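Asks: Have a look at this one.
Where a number appears in this text, it was derived from the coordinates with a stated rule and is not lab data. Quantities reported herein were computed from a predicted structural model and do not represent experimental measurements. Every residue, glycine as well, gets a Cβ built from its backbone with ideal geometry; the counts of neighbours run over all protein chains shown.
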Amino acid sequence: MLGLKLPTDPRWVNIVEKNIEEILTDHAFCEQKATSTAISLIVSFPEYTKLVQEMVELVKEEMGHFKMVHDIIIERGYTLGRDRKDEYVVQLMTFFPKGGSRTTQLVHRLLYAALIEARSCERFRLLSLELDDKKLAKFYHKLMVSEANHYTMFLGFARTYGGREQVDKKWRSLLEYEAEIMKNLSKKEMIHG
């Protein structure tokens, strides 16, 4: 369903289980960044009314997810750590050239967002199936469903604004590029790393 070309190595969960505090901190910041992305789309493309309305709802949902992760951090006696660079996103953002029309810029941003949500969904699914901590596994199952909805929403908007045929061609190329990035990741207790 997600179209990802390279699935996460299931051994990534073993890395995560050795440092739950780190994955929770990374996850919390991923939720904040998702909120920032939605706000940025509102600020940058206010003339797209339907997009703005959906992004307002997404801001609420993503901040709710941040709170849920932060509550788990507190409940476990941890403290939210500092944010760190997400190499996955840094590398992903180099795929499309800078510039182009406003519509092209919007479509590219929507495709990046769709792919990040798809990979998060895939990772959350893996955590929900493989974590020994059943409470945390159940939590990630719940979020997996949400991420899948975000992925389809972003991809749907990209197709609406950029034309399905053209966007699907870009999407396939982006998926291939992302698979190459993933070959060197899955070695850290990070949602995407």
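Asks: What lysines could a cross-link reach from Lys138, if we take a straight Cα to Cα line under 30 Å and drop same-chain neighbours fewer than 8 places away?
Replies: Those lysines meeting the cut-off are Lys5, Lys18, Lys33, Lys60, Lys67, Lys85, Lys183, Lys187, Lys188.
Asks: Suppose the chain between Leu6 and Glu180 were pulled fully straight at 0.36 nm per residue; how much longer would it get relative to their current alpha carbon spacing? Can you show the working numbers first?
Replies: Values: separation 174, 0.36 × 174 = 62.64 nm, distance 0.82 nm.
Fully extending the segment from Leu6 to Glu180 adds 61.8 nm.
Asks: Roughly how many Å is it from the Cα centre of the range 20-96 to that of the range 124-193, as a whole number?
Replies: Cα centroid to Cα centroid, the span is 14 Å.
Asks: By per-residue mean of other Cβ atoms within 10 Å, what is the highest-first order of 19-32, 131-144?
Replies: Details: 19-32: 20.2, 131-144: 15.2.
Those peptides, ordered most packed to least, come out 19-32, 131-144.
Asks: Over the Cα atoms of the range 1-47, how large are the radius of gyration and the largest Cα-Cα distance (Dmax), in Å?
Replies: For the range 1-47, the Cα-based Rg and Dmax read 15.6, 46 Å.
Asks: Also, quick follow-up: With a point put 7 Å past each Cα toward its Cβ, work out how far Glu165 is from Lys50 in nm, to one decimal.
Replies: Distance between the two pseudo-spin positions: 2.1 nm.
Asks: Let me ask something additional. Before rounding to the nearest 500, sum -39500 (n - 2.57) across all DSSP H runs of length at least 4 in the chain and divide by the residue total; then give [θ] at 222 nm in deg cm²/dmol.
Replies: After summing the helix terms and dividing by the residues of the chain, the value is -25000 deg cm²/dmol.
Asks: Turning to a different aspect of this structure: Which angle from 0 to 90°, rounded to the nearest 10, does the C-alpha axis of helix 49-75 make with the longest principal axis of the chain?
Replies: Around 10 degrees separate the two axes.
Asks: Any idea how far apart Lys33 and Arg84 come out in nm if each label point goes 7 Å out from Cα toward Cβ?
Replies: About 1.2 nm separates the two model spin labels.
Asks: Still on this structure, I have one more. Mind pulling the angle between the C-alpha long axis of helix 134-162 and the longest principal axis of the chain? Nearest 10 degrees, somewhere in 0 to 90.
Replies: The two axes meet at around 10 degrees.
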